[in-house]
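Shown next, in structure tokens, is the structure this report addresses.
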Amino acid sequence: MTLDERFMRRALDLAQTGRGRTSPNPMVGAVVVRDGRILAEGYHAYAGGPHAEVVALAGAAGAAAGADLYVTLEPCCHQGRTPPCTDRIIAAGIRRVVASVVDPNPLVSGRGVETLRAAGIVVELGLLSEESAILNEAFTKFIKTRTPFVVLKAAVSLDGKIGTRTGDSHWISGEQSRRRVHELRDQIDAVMVGLGTIRRDNPMLTARLPSSGHDPIRVIVDGRGPLPLDAHVFRPVSSSPTWVGVTADAPHERIDILERHGLTVIEAGGSDGRVNLQHLLKRLGEREVMSVMIEGGEGIFTSAIEAGIIDKFFVFVAPILIGGKPAPSLFGGAGIEHLAQAMRLERVRIEQLGGDLLIEGYRSPKDVSG
């Protein structure tokens, strides 16, 4: 490993510290180095707070003159919630900037590099770019499309069931897998479930980690049937709000009941009890929700897959067999006729968690469903 790689990996580790806290901004880490020694470090801790470069330069103080700056994302050159980082870098007298990737934000993309080079600073791009791109995959999609990055999380048996024929699903996955789910919730902006899951499982949808301090927004996709207003998600069990996505033809009486209980109602298109998930994602993007994790059940899983809105899958496979044709599956609906039509995952990673396997992968861009 070269010294440049070592320092950029340190910057990537620092950037991870802000995971789940910086939305709708990217995660960024920065390291100030001179003569092979780290002078100061920084990361972007929360939206509206100082950027990683600014924190690192403040830590280095006057010693930054003539030093190198390693940063996981191209420094910004525009006035946003905070002043341009390029101005601070130039004023500090940095000699060389090593940036992993260009900022996908059209307000910055390439302009930050141009500004620094015009000031006589050496700028190098591309070091550990793949790792940096994955780090901010949600930000990249959001800034380009203004819609959230969507993850589907499911726990399934070996035969693909997410519950028994009676609806029992506690617990398909083991303790290590369930802890990983809480870690994922800690890193995501919002979790989404269907109303049927609320009625059947009464989940809290919180990140129950000792040092989390962060719970995602709970987004409930409304449908037909009674509203379980005594459910956990409809009560103040978390500092995070609960939003309910309803169809364009949702009865006014139903909306009034939800709003009287302090819930935020989002009109998301669709009709006859079926919310338009693509429209709902646009509404969430307007509220600066950068990432969403869909957690169940079969109806919303199937609708999301058929609509082509899933970017990434986290499937926890437990070594059990459930059986039963009526038992709910990860993917229901009418199904496909030929295997050539099957949705395929790429960049697949498999991890063992106790007795379970976690299969993580991305929807192939070649998939044209939705």
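The values are calculated or read from the model by the stated rules, or taken from the named source; none is laboratory data. Since the model is a prediction, treat every value here as computed from it, not as a measurement. Positions of Cβ are generated from backbone atoms using ideal geometry, with glycine treated the same way; all protein chains shown enter the neighbour counts. Calculation scope for accessible area: heavy atoms of the full protein, side chains included, ligands and nucleic acids excluded. Shrake-Rupley method; radii C 1.70, N 1.55, O 1.52, S 1.80 Å.
General observations
- Distances between every pair of Cα atoms in region 304-352, grouped in 10 Å steps from 0 to the bin holding the largest one, split as 16, 45, 39, 1 percent.
- Residue 2 accessible area, 1.4 Å probe, all protein chains in place, Å² to nearest 10: 80
- Rolling a 1.4 Å probe across all protein chains gives residue 13 an accessible area of roughly 90 Å².
- Segment residue 170-residue 125, extension gain: residue separation times 0.36 nm, minus the distance between their alpha carbons: 11.4 nm
- Gaussian network model of the chain, springs between alpha carbon atoms under 10 Å - residue of 260, 199, 165 with greatest fluctuation: 260
- Å³ per residue enclosed by the Cα convex hull of region 70-116: 68
- Other-chain or far-sequence residues with amide H under 5 Å of residue 353's (modelled H): 358
- Carbon + sulfur, % of accessible area of the chain - ligands and nucleic acids excluded, 1.4 Å: 51
- Once C-alpha pairs closer than 8 Å and six or more residues apart are averaged by separation and normalised to the residue number of region 208-365, the relative contact order reads 16 percent.
- For region 244-298, averaging the sequence separation of C-alpha pairs within contact (under 8 Å, six or more residues apart) and dividing by the residue count gives a relative contact order of 34 percent.
- Mean ellipticity per residue at 222 nm, deg cm²/dmol - from DSSP H runs of n ≥ 4 across the chain, formula -39500 (n - 2.57): -8000 deg cm²/dmol
- Largest-first ellipsoid semi-axes for region 15-168, taking √(5λ) over the Cα gyration tensor eigenvalues, angstrom: 36, 16, 14
- Largest accessible area first, the listed residues 137, 74 line up as 137, 74 when surface is computed with a 1.4 Å probe on the assembled protein chains.
- Once the Kirkwood radius over Cα pairs is known for region 269-370, the Stokes-Einstein relation at 20 °C and 1.002 mPa s delivers a diffusion coefficient of 137 µm²/s.
- Relative contact order (%) - the chain, alpha-carbon pairs under 8 angstrom, separation at least six: 15
- Computed from the C-beta positions of residue 339 and residue 278 and an R0 of 25 Å, the FRET efficiency is 0.40 to the nearest 0.05.
- The phi-based Karplus calculation (6.51 cos²θ - 1.76 cosθ + 1.60; θ = phi - 60°) puts the 3J(HN,Hα) values of region 35-48 at 6, x, 10, 6, 8, 6, 9, x, 8, 7, 8, 7, 4, x Hz, whole numbers, x for Gly and Pro.
- Global dimensions of region 197-350 from alpha-carbon coordinates: Rg and Dmax equal 16.9, 49 Å.
- Evaluated at q = 0.26, 0.28 Å⁻¹: base-10 log I(q)/I(0), Debye formula over Cα of region 244-319: -1.33, -1.40
- Where a label projected 7 Å from the Cα of residue 107 along Cα→Cβ would reach, residues of region 25-57 with amide N under 16 Å: 25-27, 47-52
- Degrees separating the helix 175-187 axis from the principal Cα axis of the chain, which is the longest one: 60
- Rounded Å value of the spacing that divides the Cα centres of region 75-139 and region 42-58: 13
- Rounded accessible area per residue of region 149-204, 1.4 Å, Å²: 42
- Nonlocal amide H pairs with residue 73, under 5 Å, H built at 1.01 Å: 29, 100, 101
- Between amide H atoms placed 1.01 Å from N, distances below 5 Å from residue 329 occur with 162, all of them 5 or more places distant or on a separate chain.
- Here the extension length gained between residue 4 and residue 19 equals 3.0 nm, from 0.36 nm per residue of separation less the Cα-Cα distance.
- Think of a 1.4 Å ball rolled over the protein heavy atoms: region 328-367 then has 69 Å² of accessible area per residue.
- Taking N as its residue count, the alpha carbon Rg of the chain over 2.2 N^0.38 Å: 1.09
- Cα long-axis angle, helix 277-286 against the chain (0 to 90 degrees, to the nearest 10): 40
- Of the chymotrypsin sites (Phe, Trp or Tyr not before Pro) in region 133-198, the ones in a loop by DSSP (not H, G, I, E or B) with at most 14 other beta carbons within 10 Å are 171.
- Helix 3-16 vs. the chain, principal-axis angle (Cα, 0 to 90°, nearest 10): 40
- Between the C-alpha center of region 246-314 and that of region 167-218 there is a gap of 17 Å.
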